[in-house]
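Inspection log for the structure reproduced underneath, given as C-alpha cells.
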Amino acid sequence: MGKQYRDQQYLELVGRKLVEIRENLGITQEKLAELTKFDARQIGRIERAETNTSISMIKAIADKLNVGIDVILKTK
C-alpha cells in the first residue's frame with residue numbers, strides 16, 4: 001500500500017462508498033472522469049484511498065453523481 005494518511009481508515013471508507021454509489025449508478029471510473037473532467041487515475045486513487053483529495057473534488061464528483069456530498073462522506 002502507498003502513503004498512509006492520518007485518517008487512512010476514513011479515506012478507505014469514503015473510497016468504498018464512492019465505488020458503491022458509482023457502481024450502483026452503472027458508471028465506470030472512466031465515465032466519471034469524463035463527467036468531472038478529472039483524470040481517471042485520480043478517480044481510482046480516491047477510491048483506493050491512495051490520496052487525500054480536496055473537498056472541492058468530492059463535491060464535483062457528488063454533483064456529477066447527483067448525490068449530496070454528505071452521502072459520500074457519511075460512512076456509517
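The values are calculated or read from the model by the stated rules, or taken from the named source; none is laboratory data. Quantities reported herein were computed from a predicted structural model and do not represent experimental measurements. Only protein heavy atoms, including side chains, enter the accessible area calculation; ligands, DNA and RNA are left aside. Shrake-Rupley method; radii C 1.70, N 1.55, O 1.52, S 1.80 Å.
Observations, loosely collected:
- Top-ranked residue of region 26-38 - restricted to ones that are part of a helix (DSSP H, G or I) and open to solvent by 70 Å² or more (accessible area, probe 1.4 Å), ranked as farthest from T75 (Cα to Cα): E34
- For the residues E23, E12, the requirement of being open to solvent by 90 Å² or more (accessible area, probe 1.4 Å), assigned to a helix (DSSP H, G or I) and of a type outside the set (G, A, S) singles out E23.
- Scanning region 39-56 for residues that are assigned to a helix (DSSP H, G or I) and either farther than 17 Å from I27 by Cα or open to solvent by 60 Å² or more (accessible area, probe 1.4 Å) (or both) yields a total of 4.
- Unique residue being modelled with pLDDT under 95 and small (G, A, S) when the list is G44, G2: G2
- A count restricted to region 34-76 and to residues that are of a type in the set (V, I, T) and more than 18 Å from E12 (Cα to Cα) stands at 2.
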